[in-house]
Structure formats: C-alpha cells, structure tokens
Amino acid sequence: MKYKSIYKNQMVHAVAGGLLLIGMSSSSVHANTVMSNGSNVSKSMMNAFKSSGITAGGWVNGGATFNPSQTDGYNGPVTFADQANRFQMNQLNIFLQRAVKTEGKGWDIGFRADFMFGTDAIFTQAYGNPAFDPNSGRVLNDRGNWDLNLCCSSSRTYGIAFPQAYAEIYAPIGNGLNVKVGHFYTPIGYESVPAPNNFFYTHAYTMQYGEPFTHTGVLSNYTVNKNITAMAGAIGGSGTGGWDGNFDKQMGNWGGIGGVTWTSDDKKSSLNVAGTGSTTSTRSNNFWGMYSIVLKHMFTDKTHFILQHDHGFSDGILTVNGPVNAEWYGVNSHAYYDLTPDLSVGVRAEWFRDRDGVRVWSPGRVSAATNQVGRSYASNAGLLATSAPADYYAVTIGANWKAARTLNLGWQGLRQLNIRPNIRWDRADALNGVAYRPFGGNKDQVVFSLDAMIPF
C-alpha cells in the first residue's frame, strides 16, 4: 500500500489546526496573562487549560501470551493479544480532550483526539476501505489517507493509529442533545478497543470480527427520560458498510447508526440495542449491517453479569463458492466478582458462527495487513491468512488486580496499575465437513496471558 505523504500531512495539519482553534476559543481569556508573563508561560498555559476544561491523559498497556501449541508466532484468529510467546506493547495511547456537559440550559463545545502507538494500532486504524472489493474481488487503490501505513511496516507488528478525532456540541434542546462530528469509537457492543475499558486482555470473537471498531460521521445522543437514552447518526467514508471509515474516500457512501438504552431505576440493570445499516460502498448497493443486544445486571454490589448477542449481514460477498449473502452471529456472556476493592475475578464464554467464512481470519494480523497485490507486511515467510465457515468457541478465565494498592506502595503513579492474568481455551469446528485447523495446525488451543496497564 502506497500513500502520498502530502495527503497524510494535510489531514494531520487539518485536525491539529481544528483542535488548536477550539482550544484557543475556549481559553482566550487567558491569552494576555500568558503573553505578559514570559517567565510563567508554562504555569499560565496549564491554568488556561485547566480553567477551560481541556485535559490530557492516556495509558500504556503491554503483555505476553504463552501458547505451547503455536507454530507460526501467532495465536490463530485471536487478535490484539495475537503474538505467541513474546512480549508486545499493545497500546501507548495519549489523548487531549475537552469534555462537554450532558445536561443544563447552556450550550457547550468540546473535542477529543487520540493517538495510539503499539501492536493494536493495525486493528484500530480506519481500514474500512479494503484492499479488495468484497463484492467483486477486484483490486482497490482507494484505501484512504487517514492513518493507514503511517509508519513501522518494517517491524511487522507496530504502528500508529488516530482512532478518535472529533468535535462535540451540547445543545440545550429538550432534555439535552449531544452531537459528535468526526472520527470516533463505535458505541455498539460491550467490549471496546481502549484497554482500560475491558476486563480481559484478550477479546471475544464478537468484538474482534462481528462489530465495527470506529466510525466517521455524525452521532447524536439524547436522554429521553431517566430510564431511556437514544442515539442516532450518519456514518460514511467506508467501503464496508460504514465500518472503520476515514475522511477522504467513499464519502458518498452514507449509512445509518442508531440504538436505544434502557436503565432500571436502581441502575443495576440495563439493556442496549444498537446497530448499523448501509450499502456496502459507492460501487455496490448490497446491504451491509449488524445489530447488537447487550444486557447488564448486578446480582449484588459485587456480582456483575453481561449477556450479548450480535448478528451481522453482508449481501453479495464474494467467496470461493461465488457471491453469497453472508451472515455471522453469536452469543457471549461475562460474569465478574469483586473479591476485594482491588481484586476481581471473571469468566467469559462464547460461541460465534462465521457461517460463510468471510469474517474470521487466521492469523488476524496477516489478513489486516494484506495489500492490493496480496502480500502482507505482517506475514512470516510464506504465511497466508486463512478462513473457512466455522463455529468458534472460547472460554476465558481471568482477574484484575490493583497490585500497588493491595501492597500499599507509596508511589502515586502506580496506584492505578492493573495486572490482568488470563487463561483462554479456543476451538474451531468447521462447517460443511471442511477440515480447518486455524490454531497452528490444531482445532483448539490453550493460551496463558499476563498483561499490565497504567493509566496516566
């Protein structure tokens, strides 16, 4: 994949300029103070940022996975924690934001921008314009110039992503309306890309392959009453039905996103139904969409339960057997128990069906890094990504341990350190009598993972 650096620079400069303008408008009252006190520039700027509501932060996350059955360096179709028997720094994420209010009578404006470096970047980039047309199979040369291939292709594993860059407005309409415009993480599903949002180091197949990661477009959220919130928007910039779009390609292909969340009066139960729907691309009128249902319930203050069902559709997808109306669907459940304020244990179980062999690929990284000529910079010598219609099963047992707080370590920077040990079992059963062994030549595998995460 070759991209013109001028386009990358234009996009980076445009985003940086937009954020600067917002920041300047929010903190202009402090400009004279900053300029007139040259010896206190840093202090004045910090005060300006603080008073304007602009904050910065992030996290660093890395870990290792031991896989006794691997043969190619990967954990099969498992993504994110996909490297076998070696350490990977998954996410160095830095963000700058001004959060907007969600209620009240006055208008408010804000923004957020995220920068990510690490092995998770490739799964987080705006790669919704694929190297090959999913309906015809022809080579495509319009993948976009947002954050693909910015750096590090020679490393096979590390990269850069800009998973979020959006402005947000609060309008005092009715009970209050929040509107995002730009590039943002999907609100669909339960698990998400940012490491601090997830209990487990590894992800469910549902999140990895059944849902979008990001969108480009407009998303509004409205509080109907104390129990019901609704969201709706328009998404584009993608040749895969509005999933993982960018800012400069497929902008004529717009689709919809929407959902409703119900929350009980005691806040112990909630039900979310959300989904997307769109034509596949500007080249195809075939439908591409999915829905997700997520039920959450707290049996006690220490016992948390989540049940999720996803179902996806993509019509006219080209397979080895010709075009098919592809489907994928599954169920996964999570249960967590807080042993102490600093130690929790959990289990996740999942069944996921890739009915037509179009969603789950092994290794996932090799597939994501494949270019228009069929080569993958993430591939070991001669390694190709494979797929087949199959049922996937996974059971994960893990824990979250705030070690520094348990051990009463004094350094404040370590107080939020979260250590997450995982044991995971995976199995693939091919459909239609096909022999398929995506786990290093095996039908199943057991992996042992340990990662650490520090927010800052």
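The values are calculated or read from the model by the stated rules, or taken from the named source; none is laboratory data. Every value quoted in this text rests on a predicted model; they were computed, and no experiment measured them. In this analysis, Cβ positions are derived from the backbone assuming ideal geometry, glycine residues included, and neighbour counts consider all displayed protein chains.
Summary table below
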item: Flag if residue 214 is surrounded by 19 or more Cβ atoms within 10 Å (Cβ to Cβ) and more than 25 Å from residue 354 (Cα to Cα); result: no
item: Yes/no for residue 231 being crowded, with 17+ Cβ neighbours inside 10 Å and assigned to a helix (DSSP H, G or I); result: no
item: Number of the exception - residue 239 against (1) out of contact with any Ser or Thr (no Cβ under 6 Å at 6 or more places or on another chain); (2) surrounded by 19 or more Cβ atoms within 10 Å (Cβ to Cβ); result: (1)
item: The stretch 158-186, residues that are assigned to a loop (DSSP other than H, G, I, E, B) and either surrounded by fewer than 20 Cβ atoms within 10 Å (Cβ to Cβ) or aromatic (Phe, Trp, Tyr) (or both); result: 158, 172, 173, 174, 175, 176
item: All positions within the stretch 101-150 that are in a loop (DSSP other than H, G, I, E, B) and among the hydroxyl-bearing types (Ser, Thr, Tyr); result: 102, 119, 127, 136
item: Unmet requirement for residue 406, which otherwise passes all of (1) more than 23 Å from the chain's Cα centre (by Cα); (2) modelled with pLDDT of 95 or more; result: (2)
item: Residue within the stretch 279-288 that is out of contact with any strand residue (DSSP E or B) (no Cβ under 6 Å at 6 or more places or on another chain), in a strand (DSSP E or B) and crowded, with 21+ Cβ neighbours inside 10 Å present; result: yes
item: Residue in the stretch 348-368 that is over 26 Å from residue 143 (Cα atoms), in a strand (DSSP E or B) and of a type in the set (S, T, N, Q) present; result: no
item: Residue under evaluation residue 327, criteria (1) within 25 Å of residue 306 (Cα to Cα); (2) surrounded by 20 or more Cβ atoms within 10 Å (Cβ to Cβ); (3) of a type in the set (D, E, K, R), criterion not met; result: (2)
item: Meets criteria (in contact (Cβ under 8 Å) with a residue 40 or more places away in the chain and touching a His at 6+ places or on another chain (Cβ under 7 Å)) for residue 239; result: no
item: Residue within the stretch 241-251 that is under 26 Å from residue 126 (Cβ atoms) and assigned to a strand (DSSP E or B) present; result: no
item: Flag for residue 189 being over 20 Å from residue 117 (Cα atoms) and part of a loop (DSSP other than H, G, I, E, B); result: yes
item: Sole exception among (1) without any contact (Cβ under 8 Å) to a residue 24 or more places away in the chain; (2) within 21 Å of residue 206 (Cα to Cα) for residue 261, by number; result: (1)
item: Answer residue from the stretch 313-330, given it is hydrophobic (A, V, I, L, M, F, W, C) and free of Cβ contacts under 8 Å to residues at least 40 places away in the same chain and is nearest to residue 296 (Cα to Cα) among those; result: 313
item: The stretch 82-101 residues that are within 11 Å of residue 118 (Cβ to Cβ), paired with ones that are of a type in the set (S, T, N, Q) and at pLDDT 95 or above (beta carbon under 6 Å, 6 or more apart); result: 88/119; 90/61; 90/119; 91/61
item: Test: residue in the stretch 380-392 that is touching a residue at least 60 places away in the same chain (Cβ under 8 Å), within 18 Å of residue 191 (Cβ to Cβ) and surrounded by 21 or more Cβ atoms within 10 Å (Cβ to Cβ); result: yes
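Yes/no matrix, rows are residues, columns are (1) among the aliphatic types (A, V, I, L, M); (2) without any contact (Cβ under 8 Å) to a residue 24 or more places away in the chain; (3) within 30 Å of residue 319 (Cβ to Cβ); (4) surrounded by fewer than 20 Cβ atoms within 10 Å (Cβ to Cβ):
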position	(1), (2), (3), (4)
335	yes, no, no, yes
347	yes, no, no, yes
357	no, no, yes, no
364	no, no, yes, no
398	no, no, no, no
417	yes, no, no, yes
